[in-house]
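The values are calculated or read from the model by the stated rules, or taken from the named source; none is laboratory data. In this text the structure is predicted, and so the values were computed from the model without any measurement. Backbone-built Cβ (ideal geometry, glycine too); neighbour counts: all protein chains shown.
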Amino acid sequence: MRPAFDPTLYLVTDTALSGERGVAEVVRAAVAGGVTAVQVRDKTASCRQLYALALTVREVLAGTGVALFVNDDVEVALMAGADGVHVGQDDTPAAEVRERIGPDRLLGLSTGSPDELAVALALPPGTVDVVGIGPVWTTPTKPDAGSGLGPEGVAVLAAEAAAGGLRSVAIGGIDVERAPLVTGVDGICVVSAICAAPDPAAAARALRAAR
């Protein structure tokens with residue numbers, strides 16, 4: 001049975017932006033402020049480092065009911081006992097990832113265009129649990145993500161995802177001022193708006209209030 005998953009405020013970690021506080025402490029504070037899901041992402045980390053980071057975050061999340069995803073690395077997600085994995089269109093195909101993680105873990109897939117969403121919708125029901133739609137706005141935390149879809153473009157794709165039975169989160173350039181502009185999705189996904197904030201708990205509370 002797959003774990004419960006609330007996508008309302010989805011935090012993607014950034015080791016560099018977390019600074020001396022460390023990812024674990026940022027996550028702890030963010031969850032206290034209202035974050036409902038966490039994805040561990042560090043493109044510069046080795047598999048060993050990512051595994052250690054995932055274990056640390058998993059310990060922080062224990063007993064909170066907040067789902068833990070690992071970005072891209074299926075093996076690390078499995079070894080760390082994460083609730084799920086999130087992959088991009090250019091990573092291991094979602095159908096193959098589902099085979100590897102089995103039926104009891106969550107799977108997220110990035111979608112940045114109608115064609116990419118069509119890939120997700122064409123998969124057998126139950127393959128993907130949530131699609132990440134974006135970038136809404138261009139963002140320095142992921143410069144290779146392409147040009148921004150804008151709130152209107154995100155809303156169109158979110159409606160198509162919902163019609164196909166998929167939940168969605170919007171990602172890319174979302175902060176507390178822009179959060180109210182993003183509609184139609186089940187949640188918003190942020191990186192720097194929390195990881196770079198002086199007070200991650202307060203930042204999370206403000207983002208929740210803005211929705």
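For the reader, a short list of remarks on this structure follows.
- Looking only at region 87-119, and only at residues there that are acidic (D, E) and in a helix (DSSP H, G or I), the one that is surrounded by the fewest Cβ atoms within 10 Å (Cβ to Cβ): D115
- Taken as a whole, region 35-46 holds at least one residue that is among the small types (G, A, S), out of contact with any strand residue (DSSP E or B) (no Cβ under 6 Å at 6 or more places or on another chain) and either farther than 14 Å from Y10 by Cβ or at pLDDT below 95 (or both).
- Residues that are aliphatic (A, V, I, L, M) and either part of a loop (DSSP other than H, G, I, E, B) or at pLDDT below 95 (or both) within region 151-209 comprise L166, I174, V176, V182, V185, V191, A196, A197, listed in sequence order.
- Selected residue (criterion: farthest from the chain's Cα centre (by Cα)) from residues of region 24-39 that are buried (at least 23 other Cβ atoms within 10 Å of the Cβ), among the β-branched types (V, I, T) and more than 13 Å from D199 (Cα to Cα): V35
- Among residues of region 95-116 that are in contact (Cβ under 8 Å) with a residue 12 or more places away in the chain and on the phi < 0 side of the Ramachandran plot, those with a Cβ under 6 angstrom from a residue that is among the aromatic types (F, W, Y) and surrounded by 14 or more Cβ atoms within 10 Å (Cβ to Cβ), sequence gap 6+ or separate chain, pair up as L106/F5.
- Qualifying residues in region 60-86 (those that are part of a loop (DSSP other than H, G, I, E, B) and of a type in the set (D, E)) - the one surrounded by the most Cβ atoms within 10 Å (Cβ to Cβ): D73
- From the options I194, I133, I171, I188, residue that is under 17 Å from the mean Cα position of the chain (by Cα), farther than 30 Å from E99 by Cα, surrounded by 20 or more Cβ atoms within 10 Å (Cβ to Cβ) and touching a residue at least 12 places away in the same chain (Cβ under 8 Å): I194
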